[in-house]
Amino acid sequence: MSTAPPSPTRPRQGTSLRERKKLRTRQRLVATALDLFTERGFDGATLHDLCEAVEVSERTFFRNFAGKEDVVLTPSRDLWSACLEELETRSPDDASLMEFLQGALLAALDRMGDDGWTRQLLISQRLTEQTPSMVAHVRHFCDGASRTALGILHRRLKLSAPDDLATRLALDLLVASFNRSLDDWGARPGTPALADLKGHLRTAFAVLPGLHTLTVAARPGEEAERTA
């Protein structure tokens, strides 16, 4: 198996001084934005407030982010960037497609570490739930990440045509499993750990194989009430 690339939250070996400075500025913008939006509310803190707090220009902000929604989503964006890199580098090892996808996402979580990223992801999740404007932004991001992943899979693996329904549904299940796990994790009291998120995700993955055999039946008395 190929060695996993470094975390996108840390500079790569041999990164230039200029690139390291850019990464530090980006990290300061993310950390400050999440704290500021938590304190004042997403709509209560302006872009000007954020740039003033970090002491950068709005031009510098827009070199890094498309807007306030984009900066809030950064922890998830970094995770999925790492997942896409895993899809590019890890060996399939004769795994099923779902096993390959799940392994890539769990490996990406391992790469993120716990040096503040977990806290930022938690804040990001809670802000997203409180901010209606984030809904469309999250959906757009998930669609873009899925399209990129689909391109990687069809370039690297022996799969059907690019519009293959099975592959697209497998990616949809991966994203849905993560989003469900993220919601449950974010709803836990206090500050849940990264290990807790991994636990939720593994639980979600374990449920998937049994979905097609899950049977349903009416509750006692329901049928009588419906036909009365």
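The values are calculated or read from the model by the stated rules, or taken from the named source; none is laboratory data. Nothing here was measured: the structure is a model prediction, and the numbers come from that model. Virtual Cβ from ideal backbone geometry, glycine too; neighbours counted across all protein chains shown.
Please verify whether GLU69 is over 21 Å from ALA204 (Cα atoms), crowded, with 18+ Cβ neighbours inside 10 Å and not hydroxyl-bearing (Ser, Thr, Tyr), treating the condition exactly as stated.
yes
When you look at ALA149, is it within 28 Å of GLY67 (Cα to Cα) and either in contact (Cβ under 8 Å) with a residue 24 or more places away in the chain or among the charged types (D, E, K, R) (or both), yes or no?
yes
Can you pull out every residue in segment 134-172 that is of a type in the set (Gly, Ala, Ser), assigned to a helix (DSSP H, G or I) and loosely packed, with under 14 Cβ neighbours inside 10 Å?
Hits for segment 134-172 are ALA136, GLY144, GLY151, ALA166.
Among the residues of segment 155-180, which ones are farther than 20 Å from HIS212 by Cα and within 13 Å of the chain's Cα centre (by Cα)?
Hit for segment 155-180 is ASN179, nothing else.
List, please: which pairs have Cβ atoms under 8 Å, are six or more places apart or on different chains, and start with a residue in segment 153-170 that is touching a residue at least 24 places away in the same chain (Cβ under 8 Å) and end with one that is acidic (Asp, Glu)?
ARG156/GLU88
Filter segment 74-98 down to residues that are free of Cβ contacts under 8 Å to residues at least 60 places away in the same chain and over 16 Å from the mean Cα position of the chain (by Cα) and give me whichever is surrounded by the most Cβ atoms within 10 Å (Cβ to Cβ).
Ranking the qualifying residues of segment 74-98, first place goes to ALA95.
Scan (1) of a type outside the set (Lys, Arg); (2) touching a residue at least 60 places away in the same chain (Cβ under 8 Å); (3) in contact with a Lys or Arg (Cβ under 9 Å, 6 or more places away or on another chain) for the single condition LEU101 breaks and write down its number.
Going through the list (1) of a type outside the set (Lys, Arg); (2) touching a residue at least 60 places away in the same chain (Cβ under 8 Å); (3) in contact with a Lys or Arg (Cβ under 9 Å, 6 or more places away or on another chain), LEU101 breaks only (3).
Return the residue satisfying two criteria in turn: it lies in segment 207-219 and is more than 15 Å from ASN179 (Cα to Cα) and in a helix (DSSP H, G or I), and of such residues it is modelled with the lowest pLDDT.
So the residue we want is HIS212.
Could you list, ordered by first residue, the pairs with Cβ atoms under 9 Å in which the first is in segment 175-191 and closer than 13 Å to THR118 by Cα and at pLDDT below 95 and the second is among the basic types (Lys, Arg) and outside any loop (DSSP other than H, G, I, E, B), at least 6 apart or interchain?
GLY186/ARG126; THR191/ARG119
Give just the number: which of (1) charged (D, E, K, R); (2) buried (at least 21 other Cβ atoms within 10 Å of the Cβ); (3) at positive phi does GLU55 not satisfy?
That leaves (2) as the condition not met.
Would you say ARG188 is closer than 25 Å to ALA31 by Cβ and charged (D, E, K, R)?
Yes, satisfied.
So for segment 127-143 (the condition being touching a Cys at 6+ places or on another chain (Cβ under 6 Å) and either more than 14 Å from PRO75 (Cβ to Cβ) or at pLDDT 95 or above (or both)), does at least one residue qualify?
No - not one qualifying residue is present in segment 127-143.
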